[in-house]
Amino acid sequence: MQDSHWALLFEGSKYAERLPIGTEKVIRTVPHETVKRFYQKWYHLSNMAVFAVGDFPDTQAVVELIKEHFGQKAPGPLPPPVIPEFPVPSHEEPRFSCFVESEAAGSAVVISCKMPAGEIKTVKEYKDSLAESMFHCALNQRLFKISRTKDPPYFSCSSAADALVRPVKAYIMTSSCRERGTVEALESMLLEVARIRLHGFSDREISIVRALMMSEMESAYLERDQMQSTSLRDEFLQHFLREEPVVGIEYEAQLQKTLLPHISSAEVAKFAENFSTASSCVIKIVEPRAHASLEDLKAVVLKVNSLEEEKSIPPWDEEQIPEEIVAEAPEPGSIIGKVEHPGIGATEMILSNGMRICYKYTDFLDDQVVFTGFAYGGLSELSEAEYTSCSMGSTIAGEIGTFGYRPSVLMDMLAGKRAEVGTKVGAYMRTFSGDCSPSDLETALQLVYQIFTTNVEPREEEVKIVMQMAEEAIYAQERDPYTAFANRVREINYGNSYFFKPIRISDLKKVDPIRACEYFNNCFKDPSAFTVVIVGKIDPAISLPLILQYLGGIPRVEDAAQPLSRDDLRGLPFKFPESIVREVVRSPMVEAQCFVQLAFPVVLKNTMMTEDIHYVGFLSKLLETKIMQVLRFKYGQIYSVNVAVFLGGNKPSRTGDVRGDISVNFSCDPDISSKLVDFVLEEISYLQAEGPSEEDVLTILEIEQRAHENGLQENYFWLDRILRSYQSRLFSGDIGFTFALQEEGRMKVREALTPQTMQSALRRVLPFPCRNQYTVVILMPKSSCWASVKSMLSWSSSGVSRDAKILAGIAGALVLTVSLWRYSRSTLKS
């Protein structure tokens, strides 16, 4: 599908013939002499650059190293040839394509308008690039608001500029829509750009976009000394390859601050001219089943062009935006208990409304504060009758407006502020999480306050949109071979419990939006049930009054039931099969693909929990490394392998064993899938019988230590570590003591890690021998239509009756008409 679109996009140029990287046929057949000639022709020192970016104690020493290793190289005998340019011809008439692709990710519309790729070498060119960015940002704001209107033409839509090939860039607008909705979506997309050409943007729209861009630049400026080395490296790389200027964040921030206030609405709106259907435009639609025709697309273009010529497209209708997120400031709470934990550099407080707060100051990033609040009690407490409705609560609430305002309104209210807050209701916990700038901490805490004090009430329009989107997603899952595979894995490994079952259309029709919103409201009502961990660049003198006002100011619920204890939670019903299960899931596919999951049950004994929880991490990395060596480097049959640990099904009680699984996941040629599974079993059996090598153990220790050291410099790492300490079965009230015990357990395992202890852990944590208990589920393609035809012909030659032949032909046709839709989602691990 992409190859065909590429050919249409670059028709008349070299790029239409093939991708620059070449063809598979060349890779498979090229003689080594050709490769050598290519190297001698193009690989010249004068075309080469070496960049070294890092925390070097002595930069001059690095320069000398580069000179030592590269400076003595002699240039080739011939001068380098001129790097050719392949022009892409422009065209006034739009080009159209309708793709019917059963494995496409749903119905979509793509509008691409090509233009010469410009340069940025002067301040004026930089100002133009800022105005262009403002155009796409302002357009995206509108597109989002349209997607949240009654009966929207699309579920999502966005616009961006993209560098396609060296001489050409493109403006690309992409939307996803309901099935049979591509023509309506295309009309709405074209209408909005035409509206901008006729009426431009309002001053308020431009001021919102200006605030958004200033906020992003201010964040980058504040963290200029904490920039990742890879970001700096890439900036120099683009300078070398594309002659993009490298001016430094200080100068660029000053330039933006100077230029942005002087970019007018007219200067921004002029970029809509580049999105004209007369500007080398290519329009593509993708559908799982054919509904729209080329004539339909052409008719829409003519209709919108006529409306624009007649100037009969009305201006954009702006919504009224409230000034304040919290209409009336709450009465601040007070601190009734406070403990310092010097071992982790954190302070813990109990507020007057019962909420527990733990905050830690860091200086890793100057413009980041992250936080998470959690309370025990989630979806596992529900009956089967209520589960489906209540599990939709977060989705419906998010669409209606979790914070008391519709998402399209809140988007404008938060313009220029870096504050994001979200909610999640899981099996055993409900959580809210946020990421904000220290200067916008008040805004983030106001959003949390709104979650607890605002009741989400279902409105017909918003609920209808949510249900439409959910319905499309379910249809996508039902067509998607990978979803059928993941669902079967769930059923086999975790039993046929309603909690692990996928939601069907019949389930969706039973959803009660009122009950869903009522459940969501109750999840975030009682502040005394929540523990909140805050990590980042927080100044207590400024932050504590805000915490007391907006978190401490959340009113206590007088008639609230006693918060659930972790030991009172209802566990999910799941059980790993006690015998070996090997199963193939067959699905219709356009191109034959295969995915394998091999899973083993894991049991962590309560008496060994402190150590084995760390051993599981080491074992998963060991298995991933060794299986990769076998399947990729020894047999050359896979590209990558993933070993994942799932322990999330257990309720977080302080007693009892922890059960879960370790799974090995890879894709491969369907014809050798079973053979590769046997290779994996052989390797794990060998590790259990003989143990890993000393080198294997040292490698795993180094990988873990490096990840740990990097994590110690990241806010999210500390947030996760402190949260896990609160949620640990070791926690009995002293977070500092629990944290120390967990670190002690990690160090104890590291110091004890040898080939023998790893071998012992493999036998203890996994079934031993591993061949005694496991499940294998393999996704395989169903027979193609051609296979069905061949089968029918072979039946014919055997004297099968005419009726049987007709039935066989119908069966082949049915296989062909089953629609697949690659719906992006992970497997059961999510």
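Each residue in the stretch 737-762 was checked for being surrounded by fewer than 16 Cβ atoms within 10 Å (Cβ to Cβ) and either of a type in the set (Lys, Arg) or in contact with an Asp or Glu (Cβ under 7 Å, 6 or more places away or on another chain) (or both), and 2 pass. So which residues in the stretch 41-96 are touching a residue at least 60 places away in the same chain (Cβ under 8 Å) and farther than 30 Å from LYS298 by Cβ, if there are any at all? Result: ALA49, PHE51, VAL53, GLY54, ASP55, GLU85. A residue that is part of a loop (DSSP other than H, G, I, E, B), among the hydroxyl-bearing types (Ser, Thr, Tyr) and in contact with a Cys (Cβ under 9 Å, 6 or more places away or on another chain) occurs somewhere in the stretch 284-296. Answer yes or no as to whether ALA272 is out of contact with any strand residue (DSSP E or B) (no Cβ under 8 Å at 6 or more places or on another chain) and closer than 30 Å to SER188 by Cβ. Criteria met by ALA272.
Only residues that are charged (D, E, K, R) and either in contact with a Phe, Trp or Tyr (Cβ under 6 Å, 6 or more places away or on another chain) or not in a helix (DSSP H, G or I) (or both): list them for the stretch 479-507, please.
Narrowing the stretch 479-507 to residues charged (D, E, K, R): 479-480, 488, 490-491, 501, 504, 507.
Scanning the stretch 479-507 gives ARG479, ASP480, ARG490, LYS501, ARG504.
Note on the stretch 175-187: residues that are surrounded by 22 or more Cβ atoms within 10 Å (Cβ to Cβ) and in a helix (DSSP H, G or I) amount to 3.
Of the residues that make up the stretch 238-255, is at least one outside any helix (DSSP H, G or I) and modelled with pLDDT of 90 or more? Within the stretch 238-255, none of the residues are outside any helix (DSSP H, G or I) and modelled with pLDDT of 90 or more.
Checking PRO75, PRO87, PRO57 one by one, the residue that is part of a loop (DSSP other than H, G, I, E, B), touching a Leu at 6+ places or on another chain (Cβ under 8 Å), open to solvent by 80 Å² or more (accessible area, probe 1.4 Å) and farther than 30 Å from GLU287 by Cβ is PRO75 and no other.
For the stretch 370-412, the candidate set comprises residues that are among the β-branched types (Val, Ile, Thr) and touching a Phe, Trp or Tyr at 6+ places or on another chain (Cβ under 9 Å); within that set, the residue that is farthest from VAL532 (Cα to Cα) is THR388.
For the stretch 448-462, the set of residues classified as over 11 Å from GLY401 (Cα atoms) and open to solvent by less than 20 Å² (accessible area, probe 1.4 Å) consists of VAL448, PHE452, listed by residue number.
Could you run through the stretch 562-615 and say how many residues are within 30 Å of ALA375 (Cβ to Cβ) and of a type in the set (S, T, N, Q)? Looking only at that region, the number is 5. Could you please let me know if LEU564 is crowded, with 18+ Cβ neighbours inside 10 Å, touching a residue at least 12 places away in the same chain (Cβ under 8 Å) and more than 28 Å from the chain's Cα centre (by Cα)? For LEU564, the condition - crowded, with 18+ Cβ neighbours inside 10 Å, touching a residue at least 12 places away in the same chain (Cβ under 8 Å) and more than 28 Å from the chain's Cα centre (by Cα) - is not met. Being at pLDDT below 90 and of a type in the set (Lys, Arg), is that true of even one residue in the stretch 659-682? Yes - at least one qualifying residue is present in the stretch 659-682. Considering LEU212, LEU191, the condition of being within 24 Å of SER312 (Cβ to Cβ), in a helix (DSSP H, G or I) and either of a type in the set (Val, Ile, Thr) or at pLDDT 90 or above (or both) is satisfied by LEU191 alone.
Yes or no: PRO315 out of contact with any Phe, Trp or Tyr (no Cβ under 9 Å at 6 or more places or on another chain) and in contact (Cβ under 8 Å) with a residue 40 or more places away in the chain? Outline the logic, then answer.
On the way: out of contact with any Phe, Trp or Tyr (no Cβ under 9 Å at 6 or more places or on another chain): yes; in contact (Cβ under 8 Å) with a residue 40 or more places away in the chain: yes.
Here the answer is yes, as PRO315 does meet what is asked.
Going by what's in this entry, would LYS510 be described as over 27 Å from SER176 (Cα atoms) and not in a helix (DSSP H, G or I)? Even if it seems obvious, please write down each step before you answer.
On the way: over 27 Å from SER176 (Cα atoms): no; not in a helix (DSSP H, G or I): yes.
No; evaluated as a whole, the condition is false for this residue.
Taking the numbered list (1) open to solvent by 40 Å² or more (accessible area, probe 1.4 Å); (2) part of a helix (DSSP H, G or I); (3) closer than 30 Å to ALA592 by Cα; (4) small (Gly, Ala, Ser) in turn, ALA105 passes all entries but (2). Taking the listed residues PRO588, PRO652, PRO601, the one that is at pLDDT 90 or above and not basic (Lys, Arg) is PRO601, with no other qualifying.
If a residue has to be more than 30 Å from SER565 (Cα to Cα), open to solvent by 20 Å² or more (accessible area, probe 1.4 Å) and modelled with pLDDT of 90 or more to count, how many in the stretch 416-431 make the cut? Show your work before the answer.
Initially, the stretch 416-431 is screened for residues more than 30 Å from SER565 (Cα to Cα), giving 416-419.
Filter once more, so that each one left must be open to solvent by 20 Å² or more (accessible area, probe 1.4 Å): 416-418.
Restricting the remaining residues to those that are modelled with pLDDT of 90 or more gives 417-418.
Residues flagged as more than 30 Å from SER565 (Cα to Cα), open to solvent by 20 Å² or more (accessible area, probe 1.4 Å) and modelled with pLDDT of 90 or more within the stretch 416-431 amount to 2.
Against the conditions (1) surrounded by 19 or more Cβ atoms within 10 Å (Cβ to Cβ); (2) more than 25 Å from PRO781 (Cβ to Cβ); (3) touching a strand residue (DSSP E or B) at 6+ places or on another chain (Cβ under 8 Å), ARG659 satisfies every one except (1). Of the residues making up the stretch 237-264, those that are among the acidic types (Asp, Glu) and surrounded by 14 or more Cβ atoms within 10 Å (Cβ to Cβ) number 2.
What number of residues within the stretch 154-174 are open to solvent by less than 30 Å² (accessible area, probe 1.4 Å) and in a strand (DSSP E or B)? Looking only at that region, the number is 7.
Scanning the stretch 221-237 for residues that are touching a residue at least 40 places away in the same chain (Cβ under 8 Å), in contact with an Asp or Glu (Cβ under 8 Å, 6 or more places away or on another chain) and not acidic (Asp, Glu), we see that the one that is farthest from GLY54 (Cα to Cα) is LEU222.
Are any of the residues in the stretch 297-305 open to solvent by 70 Å² or more (accessible area, probe 1.4 Å), more than 30 Å from PRO573 (Cα to Cα) and either hydrophobic (A, V, I, L, M, F, W, C) or in a loop (DSSP other than H, G, I, E, B) (or both)? Please lay out each step first, then the result.
Our first condition is that a residue be open to solvent by 70 Å² or more (accessible area, probe 1.4 Å); within the stretch 297-305, this holds for 298, 302-303.
If we keep only those that are more than 30 Å from PRO573 (Cα to Cα) as well, we get 298, 302-303.
Filter once more, so that each one left must be either hydrophobic (A, V, I, L, M, F, W, C) or in a loop (DSSP other than H, G, I, E, B) (or both): 302.
Among the residues of the stretch 297-305, at least one is open to solvent by 70 Å² or more (accessible area, probe 1.4 Å), more than 30 Å from PRO573 (Cα to Cα) and either hydrophobic (A, V, I, L, M, F, W, C) or in a loop (DSSP other than H, G, I, E, B) (or both), which makes the answer yes.
Within the stretch 325-346, being of a type outside the set (Gly, Ala, Ser), under 35 Å from the mean Cα position of the chain (by Cα) and under 20 Å from GLY404 (Cβ atoms) holds for ILE325, VAL326. Any residue in the stretch 543-550 that is within 30 Å of the chain's Cα centre (by Cα) and buried (at least 20 other Cβ atoms within 10 Å of the Cβ)? No, that holds for no residue. With the condition kept exactly as written, say whether any residue in the stretch 601-622 is farther than 13 Å from VAL765 by Cα and hydrophobic (A, V, I, L, M, F, W, C). Looking through the stretch 601-622, at least one residue is farther than 13 Å from VAL765 by Cα and hydrophobic (A, V, I, L, M, F, W, C).
Picking from residues in the stretch 108-127 that are without any contact (Cβ under 8 Å) to a residue 40 or more places away in the chain and part of a helix (DSSP H, G or I), the one that is least open to solvent (accessible area, probe 1.4 Å) is GLU125. Applying a threshold of 9 Å to beta carbon distances and a minimum spacing of six or more residues, or different chains, the list of pairs starting in the stretch 286-309 at a residue that is touching a residue at least 60 places away in the same chain (Cβ under 8 Å) and ending at one that is polar (S, T, N, Q) and in a helix (DSSP H, G or I) reads VAL286/THR182; GLU287/THR182; ARG289/THR817; HIS291/THR182; ALA292/THR182; ASP296/THR182; LEU297/THR182.
The values are calculated or read from the model by the stated rules, or taken from the named source; none is laboratory data. Predicted model only: the values in this text are computed from it and were never measured. FYI the Cβ positions are ideal-geometry reconstructions off the backbone, even for glycines, and counts take in every protein chain you see. Heavy atoms of the whole protein, side chains included, go into the accessibility calculation; ligands, DNA and RNA do not. Shrake-Rupley method; radii C 1.70, N 1.55, O 1.52, S 1.80 Å.
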